[in-house]
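Following: one structure in structure tokens, then a few remarks.
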Amino acid sequence: MSPGAHRTPWQRLAAGRASRRLVLVVVFVALLLDNMLLTVVVPIIPTFLYTTEYEGANSSVVPAWTEPAPPALKVPPFSSVFSSFDNTTLPISGSISPTELEHGTGSSRPPQPPASSPPQPSGCPEGQEFLANENVRVGLLFASKALVQLLVNPAVGVLTNRIGYHIPMFIGFIIMFISTVMFAFAGSYTLLFIARALQGVGSSFSSVAGLGMLASVYTDDLERGNAMGIALGGLALGVLIGAPFGSVMYEFVGKSSPFLVLAFLALLDGALQLCILQPSRISPESTRGTSLVTLLRDPFILVAAGALCFSNMGVAMLEPTLPIWMMRTMCSPKWQLGMAFLPASISYLIGTNLFGLLATRMGRWLCSLIGMAVVGISLLCVPLATNIYGLIVPNAGLGFAIGMVDSSMMPTMGHLVDLRHTSVYGNVYAIADVAFCMGFAIGPATGGAIVRAVGFPWLMIIIGVINIAYAPLCWYLRNPPAKEEKMAILGQDCPVQTQSYIAQKTLRHFPLTDDSDVEAENVE
């Protein structure tokens with residue numbers, strides 16, 4: 001009988017905590033749930049606000065738009081319909097209701113419904129002016145998560161250097177659970193805004209601590225790239241499941257149902273973290289990491305961060321604006337608003353897993369350059385679609401290309417720190433997450449305003465051209481020079497040198513180790 005058969009549960013738990021694969025599982029699940037919550041609201045929020053704020057105040061308008069109106073505006077044809085909504089404007093005939101005039105919907109159509117109802121196909125929402133204004137409000141709500149995460153990330157990066165990665169990971173789980181429950185029961189724009197902002201705090205703790213933990217346990221550059229690709233696969237799977245899952249559950253079960261399911265899954269994630277990690281143990285980094293200011297002065301890190309920012313900004317602009325554009329131009333039902341993102345999510349999942357290894361062989365800089373160019377081309381093709389099927393190819397190309405950029409630049413950030421700075425990863429992945437959040441903060445916040453000013457097609461042209469113009473900058477990451485004091489670790493085939501070199505550098509100032517280390521330094 002094998003020795004492992006006699007292990008007690010505590011011994012197996014201790015062995016599991018020493019396993020790098022289980023750490024990868026924890027990070028994978030955390031990113032999965034974070035991004036499911038990120039995207040599950042995309043098809044829900046626009047239609048929920050429309051239903052509660054516009055239809056709730058204009059309930060008498062809905063039947064007049066969903067059924068052809070008679071030539072003469074008389075009371076009898078409308079009385080039975082109005083009574084089902086128990087509307088107090090029942091006795092009024094031959095004119096638009098005061099509620100319509102108050103909300104500005106009366107100006108969008110003539111006094112007689114027959115003149116304005118034919119241009120609206122059956123199933124199309126009325127209130128075009130309300131939908132146009134909703135672009136800005138929904139964009140700000142979506143951007144609040146990224147804006148808060150943008151502010152919290154630097155503090156989390158410093159915190160992980162001081163107390164380790166385990167406690168911040170668990171704090172992220174607690175905050176994410178609270179945010180999910182708030183989404184389930186929020187009934188107003190203000191509460192939804194608070195829940196979205198709170199999600200940004202939890203996401204900051206989970207993503208910075210999770211990616212830093214992976215970089216610290218996978219020291220080999222090739223293994224790290226593969227691990228990052230798998231972890232980003234969790235992110236992709238969350239994006240893949242979130243929007244379709246939210247739209248279907250909202251359509252057939254109700255608003256609270258998808259969030260309650262996510263809250264239950266978050267509890268399972270917390271139990272997994274308690275078993276695998278040790279969130280009560282403080283384990284600061286043994287080496288002082290490079291400061292955020294120093295890292296931000298590194299032009300190569302800035303180029304990599306810019307690639308992450310602008311490539312993700314495209315899909316960030318699509319999240320609040322594409323569902324409303326589909327409602328206005330395609331008359332799409334609720335379930336299609338989430339399904340439109342399905343091709344992008346599937347292709348992103350394929351791209352991150354495929355290029356986690358392939359990018360190392362073809363060159364991460366080249367993979368990112370091609371990816372940003374394809375992102376721009378795909379965005380330019382989105383406005384050409386006339387129905388949901390026309391969105392399949394451009395959205396699939398967009399997701400695949402973003403997967404190329406993310407799976408290339410995330411490990412590149414860790415490699416640049418190994419090459420040019422101290423190999424402590426909390427701060428550099430805080431910068432990576434800041435770049436990611438800037439895309440998801442600037443994108444939705446400005447996207448709604450741009451759509452209202454110049455229209456959805458011009459928004460896609462602007463962000464598409466920006467991505468194509470930025471792509472050539474990735475060439476500068478082709479062969480980044482190492483700092484003079486880190487020339488000994490240029491060989492990627494000997495990743496252990498990164499760790500041993502730091503110890504040797506410390507030996508010169510604090511000679512408190514074995515003589516063999518000093519001899520190894522002299523040999524080099």
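If you take the residues of region 411-438 that are of a type outside the set (S, T, N, Q) and not in a helix (DSSP H, G or I), which of them is nearest to Pro299 (Cα to Cα)? Walk me through how you get there before you give the answer.
Taking region 411-438 as the starting set, the residues that turn out to be of a type outside the set (S, T, N, Q) are 411, 413-421, 424-426, 428-438.
From the residues that got through so far, the ones that are not in a helix (DSSP H, G or I) too are 421, 424-425.
Numbers: His421: 13, Val424: 19, Tyr425: 17 Å.
Looking at the filtered set, the residue picked out is His421.
Filtering region 439-455 down to residues that are in a helix (DSSP H, G or I), more than 30 Å from His421 (Cα to Cα) and open to solvent by 10 Å² or more (accessible area, probe 1.4 Å), which residue is modelled with the lowest pLDDT?
Only one residue fits best here, namely Ala445.
For region 285-320, what are the residues that are open to solvent by 60 Å² or more (accessible area, probe 1.4 Å), modelled with pLDDT of 85 or more and not in a helix (DSSP H, G or I)?
Arg297
Test Val424 against the criterion of being in contact with a Gly (Cβ under 6 Å, 6 or more places away or on another chain) and either open to solvent by 10 Å² or more (accessible area, probe 1.4 Å) or at pLDDT below 85 (or both), and give yes or no. Walk me through how you get there before you give the answer.
Details: in contact with a Gly (Cβ under 6 Å, 6 or more places away or on another chain): yes; either open to solvent by 10 Å² or more (accessible area, probe 1.4 Å) or at pLDDT below 85 (or both): yes.
So Val424 fits the description; yes.
Have a look at Ile461, Ile442 and point out the one that is in contact with a Leu (Cβ under 8 Å, 6 or more places away or on another chain) and of a type in the set (Val, Ile, Thr).
Numbers: Ile442 fails: in contact with a Leu (Cβ under 8 Å, 6 or more places away or on another chain).
Exactly one residue qualifies, and that residue is Ile461.
Have a look at Val375, Val405, Val382 and point out the one that is within 17 Å of the chain's Cα centre (by Cα), among the hydrophobic types (A, V, I, L, M, F, W, C) and more than 17 Å from Met228 (Cβ to Cβ).
Working: Val405 fails: more than 17 Å from Met228 (Cβ to Cβ); Val382 fails: within 17 Å of the chain's Cα centre (by Cα).
So the residue among Val375, Val405, Val382 that is within 17 Å of the chain's Cα centre (by Cα), among the hydrophobic types (A, V, I, L, M, F, W, C) and more than 17 Å from Met228 (Cβ to Cβ) is Val375.
Given the structure, is Phe341 surrounded by fewer than 19 Cβ atoms within 10 Å (Cβ to Cβ) and in contact (Cβ under 8 Å) with a residue 40 or more places away in the chain?
no
Does region 359-368 include one or more residues that are within 24 Å of Gly242 (Cα to Cα), in a helix (DSSP H, G or I) and out of contact with any Asp or Glu (no Cβ under 9 Å at 6 or more places or on another chain)?
First pass over region 359-368, keeping only residues within 24 Å of Gly242 (Cα to Cα): none.
No, there is no match, as no residue in region 359-368 is within 24 Å of Gly242 (Cα to Cα), in a helix (DSSP H, G or I) and out of contact with any Asp or Glu (no Cβ under 9 Å at 6 or more places or on another chain).
Which residues, taken from region 208-239, are under 13 Å from the mean Cα position of the chain (by Cα) and open to solvent by 10 Å² or more (accessible area, probe 1.4 Å)? Talk me through it step by step, then tell me what you get.
To start, the set of residues in region 208-239 that are under 13 Å from the mean Cα position of the chain (by Cα) comprises 232-239.
Across region 208-239, the qualifying residues are Leu235, Leu237, Val239.
What residue, among those in region 146-163 that are under 12 Å from Asn427 (Cα atoms) and modelled with pLDDT under 85, is most open to solvent (accessible area, probe 1.4 Å)?
Going through the qualifying residues, I end up with Arg162.
Please report, ordered by residue number, the helices (runs of 4 or more DSSP H) entirely within region 188-284 with at least 3 residues that are touching a Gly at 6+ places or on another chain (Cβ under 8 Å), closer than 29 Å to Val428 by Cβ and touching a residue at least 12 places away in the same chain (Cβ under 8 Å). Talk me through it step by step, then tell me what you get.
Values: elements: 189-217, 221-252, 256-276.
Once the helices (runs of 4 or more DSSP H) in region 188-284 are filtered for at least 3 residues that are touching a Gly at 6+ places or on another chain (Cβ under 8 Å), closer than 29 Å to Val428 by Cβ and touching a residue at least 12 places away in the same chain (Cβ under 8 Å), what remains is 189-217, 221-252.
Condition check: among the aromatic types (Phe, Trp, Tyr) and open to solvent by less than 10 Å² (accessible area, probe 1.4 Å). Does Phe205 satisfy that? Walk me through how you get there before you give the answer.
Details: among the aromatic types (Phe, Trp, Tyr): yes; open to solvent by less than 10 Å² (accessible area, probe 1.4 Å): no.
No, not satisfied.
The values are calculated or read from the model by the stated rules, or taken from the named source; none is laboratory data. All values reported here derive from a predicted model rather than from experimental measurement. Neighbour counts are summed over all protein chains in view; Cβ atoms, including those assigned to glycine, are modelled from backbone coordinates with ideal geometry. Quick note on the areas: whole protein, heavy atoms, side chains included, nothing else; ligands and nucleic acids left out. Shrake-Rupley method; radii C 1.70, N 1.55, O 1.52, S 1.80 Å.
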